[in-house]
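Read-outs: derived from the displayed coordinates by stated rules, not from any lab. Everything numeric in this text was worked out from a predicted model, so none of it was measured. Every residue, glycine as well, gets a Cβ built from its backbone with ideal geometry; the counts of neighbours run over all protein chains shown.
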Amino acid sequence: MELSKLTNKSAQVWGMDLVIATFIFSIALTFFYFYTLNDRNSPKETIESLALQGKSISDSLLSAGFPEDWTESNVVEIGIETSGKINETKLEQFYNLTQNDYEKTKRLFNIKSDYIVFFDKEIDFGFVKADSIGKPGSNRTNIKPKNLIKVERIVIYRDLPAKMTIYVFEE
């Protein structure tokens, strides 16, 4: 009879150990989920996000835009090409839009990061020469990015092949 009482008490201790172990395991699993699997700032995800934003900008720019003869007031999609060439009127409107309402251009491109666009040829609108188009006050030499993606596309600018470079970055 004494033996059955000892076995019974031993089983109760085992049960309490199991409850505590399950509780500790659940807490550890919760911390693992929130701090490892749910980490949105991992380098790989940041680079992938910047790359998608760069592709989105380049695809949009290398279209005619919408409406096709868009202006700063009616633009739905920014595009600077007409018949496979850079349209200098649209390029100038894009420049003016970035100077007047840069945040609107980010919304139109559907991006969250900053960007600048430049060509290997000088951007000359007659009244102003620009090093780049994009974040006001930024150019390809004065940004201090924490993360940066570079997208390059070959375009026809002033009837000659040119390289258009887009920097998408986080400061």
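Points worth noting:
- Cα long-axis angle, helix 43-61 against the chain (0 to 90 degrees, to the nearest 10): 30
- A Förster distance of 45 Å, applied to the separation of the beta-carbon atoms of Ile154 and Phe23, puts the FRET efficiency at 0.15.
- Dimensions in Å of region 106-157 - Rg and Dmax from alpha carbons: 12.2, 35
- Dipole size of region 37-162 about its Cα centre, with +1 on Lys/Arg Cβ and -1 on Asp/Glu Cβ: approximately 540 debye, rounded to the nearest 20.
- Between 0 and 90 degrees, the angle of helix 2-32 with respect to the longest Cα principal axis of the chain falls at about 10 degrees.
- Fluctuation leader among Gly15, Gly84, Gly65 - the chain, Gaussian network, Cα springs under 10 angstrom: Gly15
- Among Leu50, Ile24, Ile123 - extreme Cα towards positive end, dipole of the chain, charges at beta-carbon: Ile24
- Cα-based convex hull, region 23-171, per residue volume (Å³, whole number): 128
- Subset of Lys112/Lys146; Lys106/Lys150; Lys129/Lys163; Lys85/Lys144 violating a 24 Å alpha-carbon distance limit: Lys85/Lys144
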